[in-house]
Amino acid sequence: MRKVLFLPIVITAMLLSTARAADDWKLVWHDEFDTNGPPNPANWNFEHGFVRNKELQWYQPENAYCTNGLLIIEARPEHKPNPRFTAGSQNWATSREWIEYTSASLTSRRLQEFTYGKFEMRARIDTRLGSWPAFWTLGAAPGIHWPACGEVDIMEFYEHTILANVGYGLDGKTKWLATRKPVSEFGEAWSKEFHIWTMEWDEQKIDLLLDGKLMRHFDITNADSADQGNPFHRPEYIILNQAIGANGGDPSQTSFPIRFEVDWVRVYQHTHQ
């Protein structure tokens, strides 16, 4: 009799513990993009120009706007002079005489930065060739640059592949732990729908999820030997961007605009933090 009674009590306690863990998140910051016009300047800065990865797009604020409850980050074909062009330059960003594509990259750097929490985004991405959207975080500690600052790609997509990555500096190189899944595995209608990407980050682990299903687990202690110390115990800021080309592939046969449509971004933290 005692054993029969004991098991339901244990199971009930476990269920209550799980329920408490699920309810332990408190919303600490969010942007619902409900006001038409430019993104809220209290939440977002903009990157400018040719920024990284030899991508084709010139980043400018004009390509990001809020309408009908969505943030639209729109990549467009746009031919105009590169104001940073330098004849004879060997630098990829200043050797280009012309801009052929424009887009936008928003960051919460110095505005909204967090150590640990549940970071979530509901969005729809363009999965055609040439498109390279991302929802990611970078370390915000002053004076610590990439990759030592730590990078988490909560959502990244290029060339028919959905990615979930964690990266940091180790012995002067970038250490990557990546999950890649072909978008074809998710069905034909997947690209037409909105989805939720999540990072659950605490003192011990980072879990990256897509629509509630685990994509990548990372044990934070694995980065204890990282250059300039473990970056995943320090604040990170959010980036939302729509890149074109480079890893995204050749966009020349893709019709534009390419849009990254964000319904909301939310950050929760445990009530004991």
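We did not get these values from a lab; they are worked out from the coordinates using the rules stated. As the structure is a prediction and not an experimental result, all values here were calculated from the model. Glycine gets a Cβ as well: all are built from the backbone with ideal geometry, and neighbour counts include every protein chain shown.
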Order by protection proxy (mean Cβ within 10 Å, highest first), peptides 228-235, 262-269
262-269, 228-235
Using a ≥ b ≥ c from the Cα gyration tensor of the stretch 47-158 (square roots of the eigenvalues), is it rounded, prolate or oblate, where a/c under 1.5 gives rounded and otherwise the larger of a/b and b/c decides, a/b for prolate?
oblate
Using alpha carbon centers only, the stretch 142-201 is separated from the stretch 96-114 by a whole-angstrom value of 18
So what's the Cα pair-distance distribution over the chain, bin width 5 Å, in %?
1, 6, 11, 15, 17, 16, 13, 8, 5, 3, 2, 1, 1, 1, 0, 0, 0, 0
When the chain is treated as a GNM, springs tying every alpha-carbon pair under 10 Å, which of GLU113, GLU200, GLU185 comes out with the largest mean-square fluctuation?
GLU185
Label-point separation, GLU193 to ASN230 (7 Å along Cα→Cβ), nm:
3.7
Calculated Rg and Dmax of the stretch 128-235 using C-alpha coordinates, Å:
14.6, 45
Expressed as a rounded percentage, what relative contact order does the chain have, with Cα pairs under 8 Å and six or more residues apart?
27
Once both axes come from the Cα atoms, what is the angle between helix 2-22 and the longest principal axis of the chain, in degrees from 0 to 90, rounded to 10?
30
Placing unit charges on C-beta atoms (Lys and Arg positive, Asp and Glu negative, everything else neutral), compute the dipole magnitude of the stretch 60-205 about its Cα centre in debye, rounded to 20.
220
Would you please give the FRET efficiency between HIS272 and VAL51, computed as 1/(1 + (r/R0)^6) with r the Cβ-Cβ distance and R0 = 45 Å, to the nearest 0.05?
0.75
Contour minus end-to-end for GLN204 and LYS26, with contour as 0.36 nm per residue of separation and end-to-end as the Cα-Cα distance?
62.2 nm
To the nearest 20 debye, the chain has a Cα-centred charge dipole, built from +1 on Lys and Arg Cβ and -1 on Asp and Glu Cβ, of 360
